[in-house]
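Reading through the structure tokens given below for one structure.
The values are calculated or read from the model by the stated rules, or taken from the named source; none is laboratory data. Values in this document were obtained by computation on a predicted structure and should not be read as measured data. FYI the Cβ positions are ideal-geometry reconstructions off the backbone, even for glycines, and counts take in every protein chain you see. Please note that ligands, DNA and RNA were not included when accessible areas were found on the heavy atoms of the full protein model with its side chains. Shrake-Rupley method; radii C 1.70, N 1.55, O 1.52, S 1.80 Å.
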Amino acid sequence: MSRTRIIARANAISWGERAAAQLHHDWLARVWTSEAEGALLLTDDGEMVRIVPHTIGDGDFYLVLDADAPPLQRLIPRGTYAWRVGNELWIGDSLTVRLPESPPWSGALDWRAFDTPPDVLARRLAWLGDALLARAPEGSFAGLLPELLAEQPMPDRADLPRDVRLFRWRAARVLRGLMPALQNGDMRTVETLTNRAAGLGPGSPPAGDHFLMGLIAGLRLWPAVIEASGLRVEPVLKRMIAGAAERTSLLGWMLLNDALNHVYAEPWHHLAALLREPPDARPPDEQREALMALLQAWLKRPDALASSGLAGFLLPFLWDQRHGEAE
């Protein structure tokens, strides 16, 4: 007796501009990866669409499912075909996703275009930096910043699991030399160290990619460390990321390229909005509380990816505050 297979159904509540543009009516792809954080679909021409749960939020090539969607990892194994039929995306014989009717979400975000007064911006970044350093997870890039900024030896931390200790050692090799190399215009060292950071650590994409995404934004927002070398920011960023392809995943490479092209996912837009808020929009205490609430929301992710992104974002400012003024 044959058993009828039940096809799960889900509704997509939003999609990014690139996802909407790519999902034309004859679109055909296969599942490249399927993880708890989302499923990456890839066409023969290299187009990518990432299906993510609502907890991840919007992204330029994301298709965001609603809260009632079933777990993706269980339903769509690697290699499964996906194609668009009418207003739906059929994924094998296990899942059908109804596409959104809403306009696409835009991920465009230019960190160079801030008009926040420098003293106000510095105060807000200092709030974030102090809070992040006090709350950073041990096994993350952010957890290494206190020793790095104080120029203290990195303790072995025998109390931590072996994999966390190894990650701390490898990440410290990147962080120790990166900012001095940027400040001195030593691009060979910068390229070597950013190559080591790409693909480093846990997560999808890995923590090292999140760190580099944040660093791209942070150097555009607070470029003093590069300007001290006499170099220009944009060429430096391009050379930093050029060697990452060989070290990271397809998804990580896509997100790093998006960052270079001024495209960031939804949480970064929330951060930018708070940093750009007019100084007189509400009392400073309320502005600080809003930033702290945002930081706490980022740190709730269990894999330390968000804190690694914030570490990269805040590092140029924190380094300049500790080292730039002394020179």
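Listed values, structure above:
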| read-out | value |
| --- | --- |
| FRET E, pair R322, A36, Förster distance 35 Å, beta-carbon r, rounded to 0.05 | 0.40 |
| Förster-model FRET efficiency, 22 Å R0, Q152 and D119, C-beta, rounded to 0.05 | 0.15 |
| The stretch 59-165, relative contact order [Cα under 8 Å, separation at least 6], % | 14 percent |
| Accessible area (Å², 1.4 Å probe, nearest 10) - W111 | 0 Å² |
| 5 angstrom amide H check on L109, placed H, neighbours 5+ away | V263, Y264 |
| For the stretch 188-254: rounded, prolate or oblate by the Cα gyration tensor [a/c cutoff 1.5] | prolate |
| Length-normalised contact order of the chain in % [C-alpha pairs under 8 Å, at least 6 apart] | 19 percent |
| Length-normalised contact order of the stretch 80-224 in % [C-alpha pairs under 8 Å, at least 6 apart] | 15 percent |
| Kirkwood-based Rg to Rh ratio, the stretch 1-103, C-alpha trace | 0.95 |
| More than 18 angstrom apart: percent of Cα pairs within the stretch 146-197 | 38 percent |
| Residue-averaged [θ]222 nm for the chain, counting only DSSP H segments that reach four residues, each worth -39500 (n - 2.57) | -14500 deg cm²/dmol |
| Rounded to whole Hz, the Karplus (6.51, -1.76, 1.60) HN-Hα couplings of the stretch 36-52, x for glycine and proline | 4, 6, x, 10, 9, 9, 9, 8, 5, 8, x, 6, 10, 10, 10, 8, 10 |
| Cut-off 15 Å between beta-carbons: net charge of the residues surrounding A108, Lys and Arg +1, Asp and Glu -1 | -2 |
| Area accessible to solvent at R282, 1.4 Å probe radius, in Å² | 70 Å² |
| Listed values [x] 20.9, 80; [y] 20.0, 62; [z] 27.6, 89, entry calculated as Rg and Dmax of the Cα atoms in Å | [x] |
| Among P161, P100, P279, residue whose mean-square fluctuation peaks in a GNM of the chain (springs only between Cα atoms under 10 Å) | P161 |
| Accessible area (Å², per residue) of the stretch 118-324, counting only protein heavy atoms and a probe of 1.4 Å | 42 Å² |
